[in-house]
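Here's the structure, in structure tokens; my notes come after.
The values are calculated or read from the model by the stated rules, or taken from the named source; none is laboratory data. Just so we're clear, the structure is a prediction, and the values are computed from it rather than from any experiment. Neighbour counts run over all protein chains shown; Cβ positions are idealised from the backbone, glycine included.
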Amino acid sequence: MAGDNDYKNDDRVKLSKPLKKAIERAKRTRLKVGLIAALLFVVSLGIFFAVIFSEGKDGSPTFSNLPIAQDGNQPNVSDVASLDVNSLNGKNEDEQSLPVSTTTSNATSDDFNVDAASTEDIQTSFEDIIVISTDASEESTNSNDVTNVDNSNVSTNSSSSKDVAVKSIDSNSQSQTNQVVKDEGTDAESNSSFKDASDNDLAKNSTSIALGSSSIDASKYLFVSAFGVSIFDTPGGKVLDTLKYASYVQKLDETKFGTETFTKVAYRTPDGKIIGWVRSAFLSNSLKPIAGSGYEDISFEPVSKTFGRISDVRGIYLTRTSVNTKEKIANWISFAKKTNLNAFVIDVKDDDGFMLFTTSAAAKFVPKANEDAFYSKEEMKSVVSELKAAGIYVIARIVAFKDPSYARAHMDRAIVYKDTGNPYMGIYKVPWASAYDKQLWEYNVSVAKEAAEVGFDEIQYDYVRFPELTEYDRNRVNLRKTGDDSFAESIQKFLIYSKKELAPYNVPLAADVFGLVSTAVDDLGIGQYWEAISNVVDYICPMVYPSHYANGSFGLSIPDQFPYETVYRSVLDGVRRNCNIPTPARIRPWIQSFTATWVKGHITYDENAIRKEIKALKDLGINEYMFWNASNRYVEMWYN
């Protein structure tokens, strides 16, 4: 303890004991006052938000025009990844561009103890209300009406490796029942050429989107336009539940209660279906005013869905050259039988724009695309029949807008630099076609129709997007834009047009999207906005390759080292986003079946890593997936 002389030398004053005690009491009092003030501030802030973002006493909504978030909460722009568009990867793992970055969560592996049953129910909550007929009666499709593939040579009940706990999933789960929605009595207009179709035909802004002669009554779907909206057992009665912002409900009835109008609604939760009454003032007949700036013209009307003849697809990607001989096809069938695979995703129009078989569409629009075709149309029918007889679900992969063959043949329609007229090449070093080009829409859909005619079970669009343009390049290029459509609107209208044109063929339509699309709150600058795509297509296929996520994504140091956690978090975001729309697509992800040697700290994607990816999907109630390996070198294992 300092002596008296020390205080004098330091020009300090020695305090008496009573004075010291008084000072200590003052400090403690000040601390208490500070804590009380902080508590009052937090309470006041909570009250403020409760008033602003909940039902008003006067029965009117208290806010509008807030963007959609995957949980019904409002996203902050700062929560979204700062995205370098040059880092966005396509599927080809041989192109060693930088991985995408997402920092929307700081979750760690400890965050993944989620109740699988609840996520299963979220995924399957749309099962029995996904199709609304035009009359008052609801039509159900019996699975017996669906042609079942011969799986006699492919066991679907084999147990998995002992280190994987496989859940038992009931018939109502995301195991995807064989449900097919048929549009009967389709008129000739469904096959009319695109030249005769106006923009209103492609994407209607009315209360329903017609597919053939069948349509869905969109007036039966409403969306919650406020936070914390109460659900009552009777109008003005006991509160049963509260609904999140942007949740969708099915309208059952409407009535007056005093001066207020109440709507009877039904919706599904992880605990089951809830029916109750909600103040009509807090419901919107469209997501358009809710979707946020830049997405006001996106269509959120319900669209009928078509599901495949095989419910749980376990597929692999195959190039044109992998199936160009009978011997190769026989080898792949043998491989499928040994590994429990039941689906092949085959290039019909590949990344170069080349055809697998000669098509009338290519003959009309890009004759050179037929020059390297391996089969005639009749020969292709025979090949597809052989695959289907072997129990294989055959998916036609059609690369939509990254089509260098089309771009070279129609440079007047391709994306070019304004100052030089040279084609925009991008990270793939090939010319890009424009997703605004409606002649290219017609070309892609014509190829899809011919694929359906030779027997393909499903159409899957890849590169259904605009190129990854930097802000600098976006100002320098001519995108061939003729109207006011945003990127996201154009992509959605193309998919709606495809859905309508393919309706008479009864084939499901799938779209591949970047894995980050399920997490980002915008369209990533490429036109892929989750809700806009999922609401239209039958299957949405996010490419959730762990190697394609930047270090730190989802709180993971090197996502490539965490196949379970990366796949789980990314797909979970998509499951949640699907709750925002009336007719969401089934989620069937692309997962990694290659070793990303260019990633520092990468792991080998062997059987162990692949099983972790599959388990992540199963824990979300998703029992189907597709494997990507650009070289078609797949692990020989039993795919559960």
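Name the residue that is surrounded by the most Cβ atoms within 10 Å (Cβ to Cβ), counting only residues in the stretch 542-551 that are part of a loop (DSSP other than H, G, I, E, B) and over 11 Å from the mean Cα position of the chain (by Cα). Reasoning before the result, please.
First, the residues of the stretch 542-551 that are part of a loop (DSSP other than H, G, I, E, B): 544-545, 550-551.
Next, only the ones that are over 11 Å from the mean Cα position of the chain (by Cα) stay: 545, 550-551.
Values: 545: 28, 550: 20, 551: 15.
Ranking the qualifying residues of the stretch 542-551, first place goes to 545.
All but one of (1) closer than 22 Å to residue 533 by Cα; (2) touching a residue at least 60 places away in the same chain (Cβ under 8 Å); (3) touching a strand residue (DSSP E or B) at 6+ places or on another chain (Cβ under 6 Å) hold for residue 621; which doesn't? With respect to (1) closer than 22 Å to residue 533 by Cα; (2) touching a residue at least 60 places away in the same chain (Cβ under 8 Å); (3) touching a strand residue (DSSP E or B) at 6+ places or on another chain (Cβ under 6 Å), residue 621 is out only on (3).
Might you check whether a residue that is more than 14 Å from the chain's Cα centre (by Cα), among the charged types (D, E, K, R) and crowded, with 24+ Cβ neighbours inside 10 Å occurs anywhere in the stretch 552-564? Yes, the stretch 552-564 has at least one match.
Quick one: which of 512, 522 is touching a residue at least 40 places away in the same chain (Cβ under 8 Å), in the same structural domain as residue 467 (by TED's automatic domain parsing), acidic (Asp, Glu) and in a loop (DSSP other than H, G, I, E, B)? Break it down into steps so the answer makes sense when it comes.
Details: 512 fails: in a loop (DSSP other than H, G, I, E, B).
After ruling out the rest, the residue left standing is 522.
When the criteria are applied in full, residue 570 fails the requirement of being out of contact with any Ser or Thr (no Cβ under 8 Å at 6 or more places or on another chain) and among the hydroxyl-bearing types (Ser, Thr, Tyr). Here residue 621 clears all of (1) on the phi < 0 side of the Ramachandran plot; (2) surrounded by 21 or more Cβ atoms within 10 Å (Cβ to Cβ) except the condition numbered (1). Hey, could you check the stretch 360-398 for residues that are farther than 13 Å from residue 451 by Cβ and basic (Lys, Arg) and say which is surrounded by the fewest Cβ atoms within 10 Å (Cβ to Cβ)? Only one residue tops the list, namely 364.
Let's see how each residue does on (1) modelled with pLDDT of 95 or more; (2) over 20 Å from residue 427 (Cβ atoms); (3) acidic (Asp, Glu); (4) not in a loop (DSSP other than H, G, I, E, B):
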| residue | (1), (2), (3), (4) |
| --- | --- |
| 528 | yes, no, no, no |
| 531 | no, yes, yes, yes |
| 540 | yes, yes, no, yes |
| 598 | yes, no, no, no |
| 611 | yes, yes, no, yes |
| 622 | yes, yes, no, no |
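Selection over the stretch 584-603 of residues that are touching a Cys at 6+ places or on another chain (Cβ under 8 Å) and surrounded by fewer than 24 Cβ atoms within 10 Å (Cβ to Cβ) gives a count of 1. For the stretch 419-433, the set of residues classified as in a loop (DSSP other than H, G, I, E, B) and either buried (at least 20 other Cβ atoms within 10 Å of the Cβ) or in contact with a helix residue (DSSP H, G or I) (Cβ under 8 Å, 6 or more places away or on another chain) (or both) consists of 419, 424, 430, 431, 432, 433, listed by residue number. Counting only helices (runs of 4 or more DSSP H) that fall entirely inside the stretch 309-418 and contain at least 2 residues that are touching a residue at least 24 places away in the same chain (Cβ under 8 Å) and more than 21 Å from residue 629 (Cβ to Cβ), the qualifying elements are 360-365, 377-389, 404-409.
Going by the structure shown, is residue 465 farther than 30 Å from residue 315 by Cβ and of a type in the set (Lys, Arg)? Even if it seems obvious, please write down each step before you answer.
On the way: farther than 30 Å from residue 315 by Cβ: no; of a type in the set (Lys, Arg): yes.
Judged against the criteria, residue 465 is not a match.
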